[in-house]
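Down below is the structure, laid out as structure tokens.
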Amino acid sequence: MNRSFNSGLLSQNTNADTATGTPTEAPYPVEKLPRILRDAVLESHHFDQVPIELIAPTAIGIAGIIVPALACLLKPNGKKIWPQLFTLIVADTGEGKTPVAERFAEPLMASDEASDLEDHEAIIKYKAELRRWKAKSRALDKMITKLYLDGQPSDHMHAELEDHEQNKPIEPRPSSIIFDDITSRAFIDALQGKGQLAAFIADEGRRLMKSGAFRQLDILDKSWDGGTIRLHRANGESAVARSPHVSIILMIQRRILDLYLKSHGEEARGGGSMARYLVTVPPSMKGRRVTPAEIPEWIAVKALHARIKALEAKLKRMIAEGTNNPVAIELDDDAIELLGNFERQLESHIKLGGDLSDIDDFASKASQNACRLAVVFYVLTEQTGKLNYDMLIRAITIVIWHLKQAKNLFGTPPPVPQAIYDAEDLDRYLTRTYWSKNWHTVQRKAVRKNVAPIHLRDDDRLDAALAVLVSQKSIRLHPGPRRKCVIERRKGFN
């Protein structure tokens, strides 16, 4: 069996809309999703009437939140890749971002609500213990002061004070993992320690992008990388987060993203922060939505919920037993060869003049994102042994789709076809010469003989320009007398 990488997957889609000259969008490769995800995505698409391109990245991002605490990928060179995902979904208000996010995050949100109640009780207990601890501290200080003033030895009291300092109550860590807004200090506090989980799910991303965490992009970068984050506070204390696992599902309107990039774009793109995201710009379904007649039972979505709950329960058991060490998953031989071929193909496309050279920052992170996505699929589908070719090629295909979305959003716009410019010239000529004088038809032969600019007198360029105007529904062409082509004005017609 040929297990080599199909380099054609990376080729840019060159099909273009003849009316605008813009590239047409390839549909999301939903068939590459593991069944537990695919069925849930298609079910949501049917009942929520939201684009698959919006649903699928949301479902993957949310389903994968727990995964980094359970598993990582061990590459042949010994490097560990932690499977936390950053997802950027650019969609306007009314496209269904909120209901989709709430639907798939339901089990984690319910768990966080229960944790909030437990946290509240823990905070009350902590505050009471802290007041007692402070009271004893003041009492010991007074006793030491009195002994000092009386000229009495106080070594034994100093020893007791040192012991007391060691017993200062520790403020309980919030056990919730889902956030929609958080300051940079609170963000570090939530991640303090080793391997802590946190996830941002923002269905309207403006507030999140204004939060403290997003003003310090280096912190988010390190959390994606799985590195160590250190924050030094004004009181001299420091917080350290080692190998944190942060997931982001950021849904934002295009104009808000544009404003953010205008003020932070150089840092976000230049520093590689934006390149860590799997990007999607879903097509709109407004005006095409049809509410199904049947009442949804959400069979597939509930099955995915059950799997997410099982992963969370497994993590809690591991923490309780003190065995919460993520499993290091290796690639099998075919997957190793596939990944190597994919990385070499990426390099050939990001070199100077390559079709991904304008988004080389995103392309440089594509291999890592494919590995992360493959681990999420591996864990969600309860695989065992080494990660195989099939799981990795699914992930690679999806990451390539996201890469093309990033190119459409952040890349250099493709050149406008000459026929588009010619069509604009022809439309102005027809309007000035015929339509403004209440003509409704004109023979192509007459146009070709007199049209200006004169380059449109070339048959091929004229025909191409006419085809654009037809696609834009400005004109229609039909045979006239003696089979001569007639151009008919369509403005005002349906």
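The values are calculated or read from the model by the stated rules, or taken from the named source; none is laboratory data. This structure is a prediction, so every number in the text was calculated from the model and none was measured. Virtual Cβ from ideal backbone geometry, glycine too; neighbours counted across all protein chains shown.
Values as computed for the structure displayed
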| quantity | calculated |
| --- | --- |
| Residues satisfying the stated conditions in the range 132-175, i.e. part of a helix (DSSP H, G or I) and under 44 Å from the mean Cα position of the chain (by Cα) | Gln166 |
| Leading residue by the ranking (modelled with the highest pLDDT) among those in the range 317-333 that are in a helix (DSSP H, G or I) and surrounded by fewer than 13 Cβ atoms within 10 Å (Cβ to Cβ) | Asp333 |
| Test: residue in the range 84-102 that is over 30 Å from Gln49 (Cβ atoms) and not in a helix (DSSP H, G or I) | yes |
| Helices (runs of 4 or more DSSP H) completely within the range 211-311 that count 2 or more residues being crowded, with 16+ Cβ neighbours inside 10 Å and not aromatic (Phe, Trp, Tyr) | 217-225, 254-270 |
| Unmet requirement for Gln192, which otherwise passes all of (1) modelled with pLDDT of 85 or more; (2) of a type in the set (S, T, N, Q); (3) assigned by TED's automatic domain parsing to the domain that holds Ser247 | (1) |
| Subset of the range 45-83 (residues that are under 18 Å from Arg307 (Cβ atoms) and in a loop (DSSP other than H, G, I, E, B)) | Gly64, Ile65, Ile66, Leu70, Pro83 |
| Qualifying residue in the range 447-467 (condition: surrounded by fewer than 20 Cβ atoms within 10 Å (Cβ to Cβ) and in contact with a strand residue (DSSP E or B) (Cβ under 8 Å, 6 or more places away or on another chain)) | no |
| Leu352 vs. criteria in the same structural domain as Glu43 (by TED's automatic domain parsing) and in contact (Cβ under 8 Å) with a residue 12 or more places away in the chain | no |
| Neighbours by Cβ (under 8 Å, 6+ apart or cross-chain): first from the range 249-276, under 25 Å from Glu95 (Cα atoms); second at pLDDT below 85 and basic (Lys, Arg) | Ile252/Arg206; Gln253/Arg206; Ile256/Arg206; Leu261/Arg269; Ala275/Arg269 |
| Inter-residue pairs, beta-carbon under 9 Å, first at pLDDT 85 or above and in the range 150-161, second surrounded by 13 or more Cβ atoms within 10 Å (Cβ to Cβ) and not hydrophobic (A, V, I, L, M, F, W, C), 6+ apart | Leu161/Ser137 |
| Candidates Gly411, Gly385, filtered to the one that is farther than 19 Å from Val281 by Cα and not aliphatic (A, V, I, L, M) | Gly385 |
| Pair list, Cβ under 7 Å, 6 or more apart: the range 282-306 residue modelled with pLDDT under 95, other residue surrounded by 11 or more Cβ atoms within 10 Å (Cβ to Cβ) and aromatic (Phe, Trp, Tyr) | Pro292/Phe47; Pro296/Phe47 |
| Qualifying residue in the range 102-119 (condition: over 30 Å from Val279 (Cβ atoms), touching a Pro at 6+ places or on another chain (Cβ under 7 Å), touching a residue at least 12 places away in the same chain (Cβ under 8 Å) and surrounded by fewer than 24 Cβ atoms within 10 Å (Cβ to Cβ)) | yes |
| Selection status of Glu330, touching a residue at least 24 places away in the same chain (Cβ under 8 Å), assigned by TED's automatic domain parsing to the domain that holds Val90 and of a type in the set (D, E, K, R) | yes |
| Scope the range 190-207; condition crowded, with 17+ Cβ neighbours inside 10 Å and either among the β-branched types (Val, Ile, Thr) or not in a loop (DSSP other than H, G, I, E, B) (or both); matching residues | Ala190, Leu191, Leu197, Ala198, Ala199, Phe200, Ile201, Ala202 |
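For every residue, the table says whether it meets (1) closer than 27 Å to Gly227 by Cα; (2) touching a helix residue (DSSP H, G or I) at 6+ places or on another chain (Cβ under 7 Å); (3) not assigned by TED's automatic domain parsing to the domain that holds Asp258.
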site: Ala59; (1), (2), (3): yes, yes, no
site: Ile62; (1), (2), (3): yes, yes, no
site: Val67; (1), (2), (3): yes, yes, no
site: Ala71; (1), (2), (3): yes, yes, no
site: Leu74; (1), (2), (3): yes, no, no
site: Val90; (1), (2), (3): no, yes, no
site: Phe104; (1), (2), (3): no, yes, yes
site: Glu118; (1), (2), (3): no, no, yes
